[in-house]
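Note sheet for the following structure.
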Amino acid sequence: MIFGIFDGTHETHSELFAEAKERGDHLIAVVAQDHIVHMLKGHEPTKNLAERFDHLAKQDGVDEVLIGDAELETWNIVKRHQPEVVAFSRDQEALMNDFKSNMEKLSYTPTIVMLKNSESNKK
């Protein structure tokens, strides 16, 4: 499972998908809701959630696209789907640390991976 805004995919995203896919046989990409993007970035994404979702669903290597949680730090999407691996890109270190600090909310312990790929949210 990977997370991102995915406001227009590019070569770096393709590399991210490929690297994450190497960690398992089913890649779930979780796309952030518009209001969460605004909270994190201070502005709305260029493309709305539906556009980002649809575009992401067509990407090679992505097996399933899910809409991210409506609230930060709940990690309900992980609780519901219980992926074996939860992967973060290098620019998501704060997100990974938040995930680690909220692991007690989960009923299991996934493998956490920091992908070698560069930033996931470049334009």
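The values are calculated or read from the model by the stated rules, or taken from the named source; none is laboratory data. In this text, all values refer to a predicted model and were calculated from it rather than measured experimentally. All Cβ positions, even for glycine, are placed from backbone atoms using ideal geometry, and neighbour counts span all protein chains on display.
I'd like the full set of residues that are more than 14 Å from the chain's Cα centre (by Cα) and in contact (Cβ under 8 Å) with a residue 24 or more places away in the chain, limited to the range 41-56.
First pass over the range 41-56, keeping only residues more than 14 Å from the chain's Cα centre (by Cα): 41-48, 50-51, 54-55.
Correct list: K41, P45, T46, K47, H55.
Step by step: first the residues of the range 75-123, then only those that are over 19 Å from F6 (Cα atoms) and of a type in the set (D, E), then the one that is modelled with the lowest pLDDT. Which residue is that?
That would be E104.
Which of the residues that make up the range 59-73 are part of a loop (DSSP other than H, G, I, E, B) and either under 14 Å from I2 (Cβ atoms) or at pLDDT below 95 (or both)?
Residues satisfying the conditions are Q59, D60, G61, V62, D63, G68, L72, E73.
From D91, D54, D7, which residue is over 26 Å from K116 (Cβ atoms) and not aliphatic (A, V, I, L, M)? Spell out the reasoning first.
Numbers: D91 fails: over 26 Å from K116 (Cβ atoms); D7 fails: over 26 Å from K116 (Cβ atoms).
The unique qualifying residue is D54.
Can you name every residue in the range 18-40 that is among the hydrophobic types (A, V, I, L, M, F, W, C) and either without any contact (Cβ under 8 Å) to a residue 12 or more places away in the chain or under 23 Å from N76 (Cβ atoms) (or both)?
Initial filter on the range 18-40 (among the hydrophobic types (A, V, I, L, M, F, W, C)): 18, 20, 27-32, 36-37, 39-40.
Those that are among the hydrophobic types (A, V, I, L, M, F, W, C) and either without any contact (Cβ under 8 Å) to a residue 12 or more places away in the chain or under 23 Å from N76 (Cβ atoms) (or both): A20, L27, I28, A29, V30, V31, A32, I36, V37, M39, L40.
Are there any pairs, at least 6 apart or on different chains, whose C-beta atoms fall under 6 Å, with the first in the range 64-91 and within 11 Å of I28 (Cβ to Cβ) and surrounded by 15 or more Cβ atoms within 10 Å (Cβ to Cβ) and the second modelled with pLDDT of 95 or more and among the acidic types (D, E), and if so, which?
The qualifying pairs are I77/D69.
Restricting to the range 32-56, name every residue that is small (G, A, S) and surrounded by fewer than 16 Cβ atoms within 10 Å (Cβ to Cβ).
Of the range 32-56, the ones small (G, A, S) are 32, 42, 50.
Those that are small (G, A, S) and surrounded by fewer than 16 Cβ atoms within 10 Å (Cβ to Cβ): G42, A50.
Give A18, A32 a once-over and let me know the one that is at pLDDT below 95 and of a type outside the set (D, E). Walk me through it before giving the result.
Working: A32 fails: at pLDDT below 95.
Step by step, each of A18, A32 is checked, and only A18 is at pLDDT below 95 and of a type outside the set (D, E).
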